[in-house]
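I have placed the structure first, in the form of structure tokens, so that the comments after it can refer back to it.
The values are calculated or read from the model by the stated rules, or taken from the named source; none is laboratory data. Computed from a predicted structure; not experimentally measured. Neighbour counts run over all protein chains shown; Cβ positions are idealised from the backbone, glycine included.
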Amino acid sequence: MTAARGSVSLHGCMHVQTNLSSERFRSTVCSHFSQATTSRFLGVLVHVAAMKRFEANEKFHFLGLIEAPKVFGLTVCDVLKWPVERDLDVVELWAGKGSVAKAGDALNLKVAEFDILSKPEENITSVSGFRLALDLVLRLRRLGLLHMAPVCSSFGFMNSSRCQRDEDNRFAGDWSYEKVHVGNVMADIAAFFLFVGWARDVHCSMENPIGSTIFKYGGVKVAVDKLELVEALAYRCAYDDAPMGERYLKGFKFFATGAWIVAIRKPCKCKPKCHHPTVTKLDLGAVRGIELICLLVDFLYELAFGSAAILPLYMVM
């Protein structure tokens, strides 16, 4: 698919290229949402702040002062020097069903998604898989969108007694446990990409369940603090059209490089005790997921949820 061309502004200072006329573009966007939802987006976007702007040399100096993670021996400054054609508008890593990428595709944007569940070679914790993902991130155009949803299984409460993540070990957990080791590698890679995207003037967002400790760990915490990422909470059930009693109560925490992410905020408005359970209690207070989908629900979104994350960037003002 070809990327769009033209000028779309966000608060008069961010520009994305598209070939759609304003009226046609607005019609395309609004077709995904009710009038009330669209109005809410527009109301938020009128007041969003611009991405912080730094000169290239200032960014290199900044990256040299902070503890940005290395991945497979590479620093963020190393990869910023690589010549790459920037031809993508949206990249979704740990994509699952690829809802964010699909929302971009529906807007005629040039997108790419990456997930081991779709292609075995897209194992982001391997050197080859990491380089494939890095290539996609580097190909993002200025003011494109990078969205990431790293695997949360070792950062949540369901296996916390085994993972042993706490404040004393700065939420690094028990590295000898494979799930913790893999989770930490993924978190470091996600942090690395946050810094790469920021340095290349790309909009970046990352999400995990509300109870996840990933945002308190290592390089991710450094990125949250040093890049002053903006936080937003949203609940999956608020985007679900399933009947009451069949919706999952699953809250998500987002951090992004711009205030545009606040448009995804949507609280749970379901009646008390009417959610589909995601876990069952075992002896001695242990819990486990009832169904496979309960364990994967962290990144299996409906298209509407993905659209809510992406549309604030590309809404015509």
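Has region 151-166 got at least one residue that is of a type outside the set (Gly, Ala, Ser), touching a Pro at 6+ places or on another chain (Cβ under 6 Å) and surrounded by 17 or more Cβ atoms within 10 Å (Cβ to Cβ)?
So far as region 151-166 goes, yes, one or more of its residues are of a type outside the set (Gly, Ala, Ser), touching a Pro at 6+ places or on another chain (Cβ under 6 Å) and surrounded by 17 or more Cβ atoms within 10 Å (Cβ to Cβ).
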Practice prompt. Taking the residues in region 79-90 that are surrounded by 11 or more Cβ atoms within 10 Å (Cβ to Cβ) and out of contact with any Asp or Glu (no Cβ under 9 Å at 6 or more places or on another chain) as candidates, determine which candidate is modelled with the lowest pLDDT.
Written response: 80
Item to complete: Give the residue that is modelled with the lowest pLDDT, with candidates limited to residues of region 164-181 that are within 11 Å of residue 213 (Cβ to Cβ), among the charged types (D, E, K, R) and in a loop (DSSP other than H, G, I, E, B).
Response: 170
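Would region 211-231 turn up any residue that is assigned to a helix (DSSP H, G or I), β-branched (Val, Ile, Thr), at pLDDT below 90 and at negative phi?
No, the conditions are met nowhere in region 211-231.
Which one of 173, 245 is touching a Cys at 6+ places or on another chain (Cβ under 6 Å) and buried (at least 23 other Cβ atoms within 10 Å of the Cβ)?
173
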Worksheet, complete the sentence: Looking across region 199-213 at residues that are in contact (Cβ under 8 Å) with a residue 60 or more places away in the chain and touching a Ser or Thr at 6+ places or on another chain (Cβ under 9 Å), the single one that is surrounded by the fewest Cβ atoms within 10 Å (Cβ to Cβ) is 202
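Being of a type in the set (Lys, Arg) and under 18 Å from the mean Cα position of the chain (by Cα) is the filter here; which residues of region 119-166 pass it?
Narrowing region 119-166 to residues of a type in the set (Lys, Arg): 119, 131, 139, 141-142, 162, 165.
Across region 119-166, the qualifying residues are 139, 141, 142.
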Discussion item. Considering only residues that are touching a residue at least 40 places away in the same chain (Cβ under 8 Å), assigned to a loop (DSSP other than H, G, I, E, B) and not basic (Lys, Arg), which ones fall in region 116-163?
Written reply: 124, 125, 149, 150, 151, 152, 153, 155, 156, 157, 158
